[in-house]
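See below for the structure under consideration.
The values are calculated or read from the model by the stated rules, or taken from the named source; none is laboratory data. If you're wondering where the values come from, they're calculated on a predicted model, not measured in any experiment. Neighbour counts run over all protein chains shown; Cβ positions are idealised from the backbone, glycine included. With ligands, DNA and RNA removed, areas are computed over all heavy atoms of the protein, side chains included. Shrake-Rupley method; radii C 1.70, N 1.55, O 1.52, S 1.80 Å.
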Amino acid sequence: MSLAKQQLGVTLVELVVFMVIVSVALVGVLKVLEITNKGSADPLVRKQAIAIAESLLLEIEQQPFTLCDPDDANAATAVTTADCTGGAAVSQDKGGAALTSATPNSESRYSNTNPFDNVADYGGFTMPDANCAGICSPGNNTPLGGLGAYAANVTINRVGASAPYAALPLNAVLQIVVRVTGPANTDVTLTGYRFRYAPNI
């Protein structure tokens, strides 16, 4: 009676098939990792951009929102921009013109004696600019360390008189848009709203 030979190991064909299957699976996994890595910014860079945007948005939202400059004696009682000293043209509403600079234009975010003092003053504000070579704190034009690769800009728009604020005058609601860009194509935009309320402060 003869004993059947037992087969040990794998054949060359089985080995080649195994290698092809593993290679295809590995290529698929690596491709997914590559796509994920390309689509994700450095978390620390993004967190820093968000922190800058949140800080600037909060700073703006905490400012008074008056028809007149808060230094104007009529700021707390003005019902229309005509009630401001100097009339509508020199009001915080700029007579209906685009909100792209401070009123009066002598005000600066970096000044301790004549600082921005109204939400509308921040319209068109950017960092860095001629007064700050990077990201700076209010009242100080010395750039904060480690933030030289970041930039911020602010847009202020009137959004009253249309949905969802149709019941309010056009200049009674301001939309604040803060955009911060940074390294690795980081781009963060935050939006906030400020409503004028009696006594117009």
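The residue that is farthest from T80 (Cα to Cα), counting only those in segment 133-192 that are touching a Leu at 6+ places or on another chain (Cβ under 6 Å) and among the β-branched types (V, I, T), is I135.
Just one residue in the set T155, T100, T181, T142 is of a type in the set (V, I, T) and more than 20 Å from the chain's Cα centre (by Cα); that residue is T142. Exactly one residue out of G160, G145 is farther than 23 Å from A75 by Cα, outside any helix (DSSP H, G or I) and free of Cβ contacts under 8 Å to residues at least 24 places away in the same chain, and it is G145. For segment 70-124, the candidate set comprises residues that are touching a Gly at 6+ places or on another chain (Cβ under 6 Å) and within 22 Å of L170 (Cβ to Cβ); within that set, the residue that is surrounded by the fewest Cβ atoms within 10 Å (Cβ to Cβ) is T100. Only one entry in Y110, Y165 is of a type in the set (S, T, Y) and over 19 Å from P70 (Cα atoms), namely Y165. Do we have any residue at all in segment 49-63 that's open to solvent by less than 80 Å² (accessible area, probe 1.4 Å), in a loop (DSSP other than H, G, I, E, B), within 28 Å of V180 (Cα to Cα) and touching a helix residue (DSSP H, G or I) at 6+ places or on another chain (Cβ under 7 Å)? For segment 49-63, residues open to solvent by less than 80 Å² (accessible area, probe 1.4 Å), in a loop (DSSP other than H, G, I, E, B), within 28 Å of V180 (Cα to Cα) and touching a helix residue (DSSP H, G or I) at 6+ places or on another chain (Cβ under 7 Å): present.
Can you find a residue in segment 162-169 that is open to solvent by 20 Å² or more (accessible area, probe 1.4 Å) and under 18 Å from the mean Cα position of the chain (by Cα)? No, that holds for no residue. If you filter segment 182-200 down to residues that are open to solvent by less than 50 Å² (accessible area, probe 1.4 Å) and among the polar types (S, T, N, Q), you find that the one that is nearest to A130 (Cα to Cα) is T186. Selection of segment 170-181 for residues being buried (at least 18 other Cβ atoms within 10 Å of the Cβ) and either over 29 Å from A75 (Cα atoms) or modelled with pLDDT of 95 or more (or both) yields V173, L174, I176, V178, R179, V180.
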